[in-house]
Amino acid sequence: MGKTGFHRWMGIMVFLSLVWLNPMNGDAWAQSQTPVVTAESFVSVDKIHPGETAKIAVRLTIDETYHINARVPAEEFMIPTKLDMATHPDFTLGEVSYPKPTLRKVTFSEKELPVYEGTATLFLSVAAATTLKPGKYVLTGKLTYQACTDEACLPPKKLALEIPLVVTAAGNPANPTHPEIFSEKETGH
């Protein structure tokens with residue numbers, strides 16, 4: 001094994017030992033019992049018309065003690081942050097757009113790691129079928145993430161999401177909501 005392979009192997013071993021063999025002290029254990037990451041969803045309109053498209057935002061709030069790996073982590077053994085939305089027969093969902101990560105130096109890696117800290121907002125579009133009847137609908141999904149400090153990581157988690165949508169008939173008004181979230185600056189679109 002060459003020098004590069006050895007360093008990669010050592011990095012993996014150190015990471016795994018920090019994640020699964022690290023005995024947590026009382027404070028760290030207590031924090032792991034409260035949510036490290038919470039998610040709140042927003043829709044760009046209060047109601048959607050059949051055949052129209054709206055934007056969805058999923059805002060992640062990350063405990064200040066932790067960061068979570070970016071969508072594309074620095075090492076293949078790291079758990080990426082990923083939003084998987086379930087298919088729905090009445091809606092077409094667009095690809096998830098992830099925010100630009102922050103680079104962070106941690107003790108268990110020689111590389112700076114791309115991470116999300118504080119808040120991170122993911123975006124996707126939703127198109128309602130043209131034949132959709134007015135009513136209340138729910139989209140579901142799961143957010144996979146791994147929260148870490150600069151020294152250790154918690155086991156990966158999956159967070160279930162429910163995103164309520166209200167469909168209204170074509171003649172009824174649909175009003176924009178949350179302009180602070182759905183501005184071009186925020187969404188990049």
Which number in (1) modelled with pLDDT under 95; (2) part of a strand (DSSP E or B) marks the one condition that VAL58 misses?
(1)
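Every residue in region 96-110 that is of a type outside the set (S, T, N, Q) and in contact (Cβ under 8 Å) with a residue 60 or more places away in the chain, please.
Applying the first criterion (of a type outside the set (S, T, N, Q)) to region 96-110 yields 96, 98-101, 103-106, 108, 110.
Within region 96-110, PHE108, GLU110 qualify.
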Residue match in region 132-145 (condition: modelled with pLDDT of 95 or more, among the basic types (Lys, Arg), within 15 Å of the chain's Cα centre (by Cα) and in a loop (DSSP other than H, G, I, E, B)):
no
Subset tally (residues that are among the β-branched types (Val, Ile, Thr), more than 17 Å from THR149 (Cβ to Cβ) and surrounded by fewer than 12 Cβ atoms within 10 Å (Cβ to Cβ)) for region 81-118
1
Every pair of residues 6+ apart whose Cβ atoms lie under 8 Å, when the first sits in region 164-175 and is at positive phi and among the small types (Gly, Ala, Ser) while the second is exposed (fewer than 10 other Cβ atoms within 10 Å of the Cβ) and in a strand (DSSP E or B):
none
Residue tally, condition part of a loop (DSSP other than H, G, I, E, B) and touching a residue at least 60 places away in the same chain (Cβ under 8 Å), over region 73-89
6
Please determine, by comparing only the residues of region 40-56 that are of a type outside the set (Val, Ile, Thr) and crowded, with 18+ Cβ neighbours inside 10 Å, which one is farthest from LYS142 (Cα to Cα).
HIS49
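Return yes when ILE56 is within 20 Å of the chain's Cα centre (by Cα) and within 19 Å of SER44 (Cβ to Cβ) and no when it is not. Walk me through how you get there before you give the answer.
Numbers: within 20 Å of the chain's Cα centre (by Cα): yes; within 19 Å of SER44 (Cβ to Cβ): yes.
Here the answer is yes, as ILE56 does meet what is asked.
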Is there a residue being in contact (Cβ under 8 Å) with a residue 60 or more places away in the chain, part of a strand (DSSP E or B) and hydrophobic (A, V, I, L, M, F, W, C) anywhere in region 149-159?
yes
Just name the residue that is farthest from LEU154 (Cα to Cα) out of those in region 61-72 that are assigned to a strand (DSSP E or B) and of a type in the set (S, T, N, Q).
THR61
Give region 119-165 a look and list any residue that's under 16 Å from ALA54 (Cβ atoms), β-branched (Val, Ile, Thr) and surrounded by 15 or more Cβ atoms within 10 Å (Cβ to Cβ), or say none.
THR121, VAL126, ILE163
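LEU154: farther than 16 Å from VAL45 by Cα and either at pLDDT 95 or above or aliphatic (A, V, I, L, M) (or both), yes or no? Give the steps one after another, and end with the answer.
Numbers: farther than 16 Å from VAL45 by Cα: yes; either at pLDDT 95 or above or aliphatic (A, V, I, L, M) (or both): yes.
Taking the combined requirement at face value, the residue satisfies it.
If I ask for residues that are hydrophobic (A, V, I, L, M, F, W, C) and surrounded by fewer than 17 Cβ atoms within 10 Å (Cβ to Cβ), which ones from region 57-80 would you list? Give the derivation first.
Just the residues of region 57-80 that are hydrophobic (A, V, I, L, M, F, W, C), to begin with: 57-58, 60, 62, 68, 70, 72, 74, 77-79.
Once the filter is applied, which keeps residues that are hydrophobic (A, V, I, L, M, F, W, C) and surrounded by fewer than 17 Cβ atoms within 10 Å (Cβ to Cβ), region 57-80 yields VAL72, PHE77.
The values are calculated or read from the model by the stated rules, or taken from the named source; none is laboratory data. Just so it is clear, the structure is predicted and the values come from calculations on it, not from any experiment. With ideal geometry, Cβ positions are generated from the backbone for all residues, glycine too; neighbour counts draw on all protein chains shown.
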